[in-house]
Amino acid sequence: MAPLPPLTFDEFRRFVSDVLEIAEPALTPQTHFVHDLTVDSLKIVELMVQLEVILGHRIPSDVAWEILTMDDAYQYYLRTASRER
Amino acid sequence: MIAELPVLRPLVPVLKFLYGYREDGAENMPASGPLIILYAEYSFLCDLYNALQTAALLSKKIARDRVLIFLAEELFALPYFHSRHLRSFLKVFPLQPQGTGKYSLNLLEALEHLKSGGIIVMNPEGDMSRDGRPLPAQGGAAWLGLHAAAPLVPIIATAGTYDAWPPWKLLPYARGQASVRIGKPFRLAETAREKIVEEDLKKGIAKIQSEMSALRFGSGGLESWAGSLAGRADVVNRPAAAKQDSPPKANTRPSSIPAWKQGIPLLLWRCPICRTEDSLFQKGTLFKVLSVGCRACGSVWTVNRRQRKDFRLKVSRGPDPLVGLDLPLSGWYDEMKRDFRPEPPAWVGLGKSSQEKTYLRTNRVKLLLDRSNSLLRDWSGREAPDREFPARAGDWRKLGPGRLTLTNLRLIWESPEGSLDFWWPRVKTLHLRFYHLWGLGYGVTPYRFVFLRESGLKWLTYAGELAKKRRAEAPTEGLPIKISHY
């Protein structure tokens, strides 16, 4: 079976919006998870866990520390998803 | 458990003699991981008991090299907490009450640790209670418990640890009734949850709180510990202005007593009768608190310690209807806060814009900057950097003392070394350790303020109430601040 194509940014945004329980329009590539969102730090941890689920591997905590914005998260997802494929 | 460790064994009879030390429920300790051990922290004696229990745990075969512990970030200022020796047998991670920011990502590692059968040790409240009552639990322990479906085991120092050595007292009472109870393991989920939503977390937190509270206070619960509030209606049903002989005064003058010596006035930073701030003083010996008085209205309370209960403060001098009123200390604390609304005092005068109002100012505050903070290389601007995160926990450089001013728009720190502004919309978290150490999360950058003469609790209350007011006036401006319970 051919691997599924990676999520588009809009699909990825839907995924993040679902995990963080935040409306999609609030999530742009520049959105900074700490500076711009009213989310608990625990929600950011939950986002990393859910990202691990869709990527199928563990995100080292030092790498997770570098994922600060939506764009960081999406680029990390794209890089890792293409490697996994 | 501590008697099993030869090096700690001699301590047991001493603790037994002084505090009737006992460990109940040692048989509840599971024989192997995964396991989440829950501690509570509401007294310095709790800290000692928690440290002894951890040492005993580490000596057990099942725990060797399997324990990961979350410790207060302040402890990492001690080089030992970074040492190879410690890390050779224990994983330690810093914990910052309220928004832990990037530190919270350590929970990812903790989850992996649990999944591989490890043991996690943490205080779910994330902080030390100041008046002996439980703090609202944070989500970390519940989150781990749900994701890993691991059993949680509360190891809780009983309520008597509070009156034996309350956090506002410099030295402990020589005697008391303070033991440790090890609870039965419980789970928050039968199988590991793949995804956790807010509702799951709330239920998990509530379950943790009820299990911990039952061990700490016993069958009588919190109400029995606090004791009777009889007579309180006399106080609460009367408007504040009717209770005093003179109008309320704010910020009379800074105390000349170092904060660590002030005692009960660290908690009661405002007279519960006349509402004057910084007016209470404590009398007693090094080991015993005898009374508390108010310089402004002349009221005097006799302090009674009751073992395994909250302290009682009885009005022995004051307005006639209140003489004889005997309430728990936590009751007086609630009474003190009841009608508190921050008001700018008469001496205001920063010469700032008409929208900026000054509420508090003190000259004796030290600022702690993380050593990687760019201000230590280039202090040209006034606004504090908000995008830098420490490379190493607990690596602080102390500056000052300087002058700290709290306005409705910002916090200002001024000293010969430089001046800094912390604008409230960019302040994400604010926590208080003990009564003197403020931790401020400015964006993702942590700062610390050490109050040398004043109660940090007073400042926290002002900041918290002003934050509420700002949110009410402009709900869309900035983000809510996560702030320590006050």
Practice prompt. Go through the residues of region B:31-42 one by one and say whether even a single one is touching a Phe, Trp or Tyr at 6+ places or on another chain (Cβ under 7 Å) and either touching a residue at least 12 places away in the same chain (Cβ under 8 Å) or within 19 Å of B:GLY183 (Cα to Cα) (or both).
Written response: yes
Worksheet item: Which condition does B:ALA137 not pass, out of (1) within 14 Å of another protein chain (Cβ to nearest Cβ); (2) part of a strand (DSSP E or B), if it passes all the others?
Response: (2)
Worksheet, complete the sentence: Over region A:39-55, the set of residues more than 10 Å from chain B (Cβ to nearest Cβ) and in contact with a Ser or Thr (Cβ under 7 Å, 6 or more places away or on another chain) is A:LEU55
Item to complete: Within region B:446-486, work out how many residues are in contact with a helix residue (DSSP H, G or I) (Cβ under 9 Å, 6 or more places away or on another chain) and in a strand (DSSP E or B).
Response: 7
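If only one of B:ASP326, B:ASP310 is in contact with a Pro (Cβ under 7 Å, 6 or more places away or on another chain), touching a residue at least 24 places away in the same chain (Cβ under 8 Å) and closer than 30 Å to B:GLY20 by Cβ, which one is it?
The conditions single out B:ASP310.
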Worksheet item: What is the number of the single condition among (1) surrounded by 14 or more Cβ atoms within 10 Å (Cβ to Cβ); (2) within 25 Å of the chain's Cα centre (by Cα); (3) not in a loop (DSSP other than H, G, I, E, B) that B:LYS283 does not meet?
Response: (1)
Worksheet entry | Filter pass, B:ARG371 being among the charged types (D, E, K, R) and either within 14 Å of chain A (Cβ to nearest Cβ) or within 24 Å of the chain's Cα centre (by Cα) (or both) | no
Worksheet item: Inside region B:365-381, can you point out the residues that are within 27 Å of B:ARG470 (Cα to Cα) and at pLDDT below 95?
Response: B:GLY381
Response to the item:
Residue hits (region B:120-136; touching a residue at least 40 places away in the same chain (Cβ under 8 Å) and surrounded by 22 or more Cβ atoms within 10 Å (Cβ to Cβ)) are B:ILE120, B:VAL121, B:MET122, B:ASN123, B:PRO124, B:GLU125, B:ASP127, B:MET128, B:ARG130, B:ASP131, B:GLY132
Response to the item:
Scanning region B:50-85 residue by residue, the ones that are assigned to a helix (DSSP H, G or I), exposed (fewer than 15 other Cβ atoms within 10 Å of the Cβ) and of a type in the set (D, E, K, R) total 2
Practice prompt. Looking only at region B:167-194, count how many residues are surrounded by fewer than 17 Cβ atoms within 10 Å (Cβ to Cβ) and outside any loop (DSSP other than H, G, I, E, B).
Written response: 1
Fill in: Hits in region B:382-430 - residues which are of a type in the set (Lys, Arg), farther than 22 Å from B:ARG471 by Cβ and within 14 Å of chain A (Cβ to nearest Cβ)
B:ARG387, B:ARG392
Practice prompt. Could you check, for region B:145-166, whether at least one of its residues is within 27 Å of B:SER116 (Cα to Cα), touching a residue at least 40 places away in the same chain (Cβ under 8 Å), touching an Asp or Glu at 6+ places or on another chain (Cβ under 7 Å) and surrounded by fewer than 24 Cβ atoms within 10 Å (Cβ to Cβ)?
Written response: yes
Worksheet item: For residues in region B:195-207 being away from chain A (no Cβ under 14 Å) and either of a type in the set (A, V, I, L, M) or crowded, with 17+ Cβ neighbours inside 10 Å (or both), which is nearest to the chain's Cα centre (by Cα)?
Response: B:ALA206
Item to complete: Determine whether B:GLY439 is of a type in the set (Gly, Ala, Ser), within 24 Å of B:ARG133 (Cα to Cα) and assigned to a strand (DSSP E or B).
Response: yes
Discussion item. Just to verify a result, which residue in region A:56-72, among those that are within 13 Å of chain B (Cβ to nearest Cβ) and of a type in the set (A, V, I, L, M), is farthest from B:TYR442 (Cα to Cα)?
Written reply: A:ILE59
Fill in: Count - residues of region B:463-486 that are in contact (Cβ under 8 Å) with a residue 12 or more places away in the chain, within 11 Å of another protein chain (Cβ to nearest Cβ) and not hydrophobic (A, V, I, L, M, F, W, C)
3
Practice prompt. Collect the residues in region B:286-317 that are of a type in the set (Gly, Ala, Ser) and not in a loop (DSSP other than H, G, I, E, B), keeping them in residue-number order.
Written response: B:SER291, B:GLY293, B:SER316
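If we keep just the residues of region A:13-38 that are part of a loop (DSSP other than H, G, I, E, B), facing chain B (nearest Cβ under 9 Å) and not hydroxyl-bearing (Ser, Thr, Tyr), which is nearest to B:GLU198 (Cα to Cα)?
Top of the filtered list is A:GLU21.
I need the full set of residues from region A:21-50 which are of a type in the set (Ser, Thr, Tyr) and at pLDDT 90 or above, in order please. Spell out the reasoning first.
Within region A:21-50, the first condition is being of a type in the set (Ser, Thr, Tyr), and the residues that meet it are A:28, A:31, A:38, A:41.
If the condition is that a residue be of a type in the set (Ser, Thr, Tyr) and at pLDDT 90 or above, then A:THR28, A:THR31 are the ones that fit.
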Discussion item. Name the residue that is farthest from B:TYR359 (Cα to Cα), counting only residues in region B:394-436 that are charged (D, E, K, R), part of a strand (DSSP E or B) and out of contact with any Gly (no Cβ under 6 Å at 6 or more places or on another chain).
Written reply: B:ARG397
Worksheet item: Just one of B:ALA77, B:ALA72 is touching a Phe, Trp or Tyr at 6+ places or on another chain (Cβ under 7 Å) and small (Gly, Ala, Ser); which is it?
Response: B:ALA77
Item to complete: Confirm whether A:ARG83 is within 12 Å of the chain's Cα centre (by Cα), in a helix (DSSP H, G or I) and basic (Lys, Arg).
Response: no
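The values are calculated or read from the model by the stated rules, or taken from the named source; none is laboratory data. Fair warning: this is a prediction, and the values are worked out from it, not measured in the lab. We place every Cβ from the backbone using ideal geometry, glycine too, and count neighbours over all the protein chains shown.
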